[in-house]
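I have placed the structure first, in the form of structure tokens, so that the comments after it can refer back to it.
What follows draws every value from the coordinates through simple rules; no lab data is involved. All figures in this text were calculated on a predicted structure; none of them were measured in a lab. Note that each Cβ is placed from the backbone with ideal geometry, even for glycine, and that neighbours are counted across all protein chains shown.
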Amino acid sequence: MTSLLLVEDDDNLRRALALTLRARAYQVTDAASGAEGLGELGRKRIEVVILDLGLPDMDGVEVIRRIREDSAVPIIVLSARRDEIDKVRALDAGADDYMTKPFGVDELLARVRAAVRRTGSGTEQRTVSTADFVIDLGTKSVVKTDGQPVRLTPTEWGVLETLVKANGLLVSSADLLNEVWGPGYDEQTNYLRVYVGQLRRKLEPDPAAPRYLITAPGLGYRFEVMGLDAT
């Protein structure tokens, strides 16, 4: 059973969602505040976090930041906040997905399944070596050439893996969104700007002048493989 942490201060919504998720064979731990949720995350093995931003004790974005201090668990935000700036703040802090209330339960379940797929173990054994880091598609890991591991969230890995597997070809924004987030995300190009920016900060020697993660304005992105060693 996939283990979920549901952090939601609305008692009725929290109980209804927990009941629905358990009926779909998910193991659910629920919390009514940010502090309670962080405590549960520290005590239990959690595979996906479903988080409301409007919590009584702290802003949900702060909860995301605290989770990301030591965990790469997928985080799906639920919020009544519809402004793009709120979405970008949550994504910048480390959230993997963002749903606005009201939402359909079937859509939430689809996004949970997509988050679980992004964290699943792969069988691909190919590695790609650059002058600055090595990507192992089998272990879903990146290590700098000085031996330091690069910590990526599941969504960051999904973006990187999709681009690397394209072997230098351009991946359209729509295709990249559909591959990483699933159907229905074709227009969410702000997601890509956020996550490609985060990858550049983690991987590029100079994020302002990227060598590997290249933008084709208005078209999409590609991973520059020229001169790299792929095995």
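Every residue in region 90-102 that is in a helix (DSSP H, G or I) and either among the charged types (D, E, K, R) or farther than 14 Å from VAL7 by Cβ (or both), please.
Here is the first cut: in region 90-102, the ones in a helix (DSSP H, G or I) are 90-93.
Of everything in region 90-102, those that are in a helix (DSSP H, G or I) and either among the charged types (D, E, K, R) or farther than 14 Å from VAL7 by Cβ (or both) turn out to be LEU91, ASP92, ALA93.
Each row is one residue, and each column tells you yes or no for (1) under 25 Å from LEU152 (Cα atoms); (2) surrounded by 13 or more Cβ atoms within 10 Å (Cβ to Cβ); (3) touching a Leu at 6+ places or on another chain (Cβ under 6 Å).
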{"site": "ALA16", "(1), (2), (3)": "no, yes, no"}
{"site": "ASP30", "(1), (2), (3)": "no, yes, yes"}
{"site": "LEU53", "(1), (2), (3)": "yes, yes, no"}
{"site": "PRO56", "(1), (2), (3)": "no, no, no"}
{"site": "ALA80", "(1), (2), (3)": "no, no, no"}
{"site": "ASP86", "(1), (2), (3)": "yes, yes, no"}
